[in-house]
Amino acid sequence: MARTESFQLEEAAAEAYEAKFVPAMFAEWAQQVVTVAGVSPGQRILDVACGTGIVARTAAEIAGAGAVTGVDINPAMLAVAARVQPEISWLQGDASALPVQDGAFDVVLCQMALMFFPDAVAALREMCRAAVDGGTVAVVVPGRLEDQPGYGPFVELVSRHAGSGAMSLLGVYWACGDLEKLERLFAEAGLLEVRSHTHIGKAKYSSAADFVAVEVESTPLMERLTKDQFASIRTEAAAVLQPFSETDGSLTVPLQGHLVIGCKAKVRKP
Ligand SMILES: C[S@@+](CC[C@H](N)C(=O)[O-])C[C@H]1O[C@@H](n2cnc3c(N)ncnc32)[C@H](O)[C@@H]1O
């Protein structure tokens, strides 16, 4: 299936993404992928579709900022990334044609983005090309929508109020969530010793209204909802998300995701 959503944000939304969405959800996954991929001191790390750079920054805490490169197609995301951590190398580029040399990285990471690439196998092949022989490629994606007890009801709520533009975006989020298919994509891209971990993340928000605000204002959903649709979704969210509310009124929403790791073949010496 050709995908047509690429999660493009203007600068104000990119700032909101970094200020709100990253601490609520993405920072936890960045720790997971950096740990599972075994990022260590002395390694060179590439973060593909780096967004505002949380994975790159997390890897830099171990490998050093000078050893880390982030690539994203969106200059607004990269501008925020560079403001937050100017010592990492940030490059504009497409995941299907990464602007890096063959074999330049020990570990190539890609968090919450594979589902936005028109050709996921081609992007995985590019990640493999960027990795050194024997290097690691690790990807994080959300699981299937039917495996999301929090996001399932939220998507259903949005579908009651919003049109096809909003639903197209919310459909693509889960498009790489079938773990068997995902592992097959890795094998098709030539990656070896493919293994996976399924993790339930805990996205944290101050309230149901805050959850909706972050999900809308830090994503392309903002341009696809009218003010009235946004207000209705916000009003009804408290009831829909009630099972995830804590005693202090805050919200902890589970997000099931998959981390898949593969290895680039080592070239045999004659
Ligand atoms: C949901 S964000 C994830 C960002 C980051 N990895 C994180 O964990 O916060 C998806 C990112 O994928 C980027 N993206 C989408 N299509 C791309 C492509 N073809 N090549 C490079 N980046 C792409 C978007 O610009 C956006 O920054």
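The values are calculated or read from the model by the stated rules, or taken from the named source; none is laboratory data. Bear in mind the structure is a predicted one, so any value in this text is a computation, not a measurement. FYI the Cβ positions are ideal-geometry reconstructions off the backbone, even for glycines, and counts take in every protein chain you see. Ligands, DNA and RNA are stripped out before the accessible areas are found, and what is left, the full protein with its side chains, is counted by its heavy atoms. Shrake-Rupley method; radii C 1.70, N 1.55, O 1.52, S 1.80 Å.
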Two pseudo-spin positions, 7 Å from Cα along C-beta at GLU11 and at ALA187, lie apart in nanometres by 4.7
For SER206, the net charge from surrounding residues (Cβ-Cβ under 11 Å; K, R +1; D, E -1) works out to -1
Ignoring ligands and nucleic acids, THR235 exposes an accessible area, probe 1.4 Å, in Å² to the nearest 10, of 110
Sorted largest first, the Cα spans of the range 178-270 on the principal axes come out in Å as 66, 33, 20
To the nearest 20 debye, the chain has a Cα-centred charge dipole, built from +1 on Lys and Arg Cβ and -1 on Asp and Glu Cβ, of 660
Relative contact order of the range 11-263 (C-alpha contacts under 8 Å, at least 6 apart) in percent is 21
Log10 I(q)/I(0) at q = 0.18 Å⁻¹ for the range 1-66, from Debye over equal alpha-carbon scatterers, is -0.74
With every protein chain kept in place and a 1.4 Å probe, the chain has an accessible area per residue in Å² of 43
antiparallel share of DSSP beta bridges within the range 1-145, to nearest 5, in %, is 5
Reported to the nearest 10 Å², TYR205 has, with a 1.4 Å probe, an accessible area equal to 10
Note to self: C-alpha centroids of the range 1-72 and the range 74-107 sit apart, in Å, by 10
What helix-only [θ] at 222 nm does the chain give? Using -39500 (n - 2.57) per DSSP H run of at least 4, over all residues, to the nearest 500, the answer is -11000 deg cm²/dmol
For the range 1-156, the accessible surface attributable to carbon and sulfur atoms (probe 1.4 angstrom, ligands and nucleic acids excluded) amounts in percent to 52
P(r) over all Cα-Cα pairs of the chain, 10 Å bins from 0 to the longest distance, whole percent per bin, short to long, reads 7, 30, 36, 19, 6, 1, 0
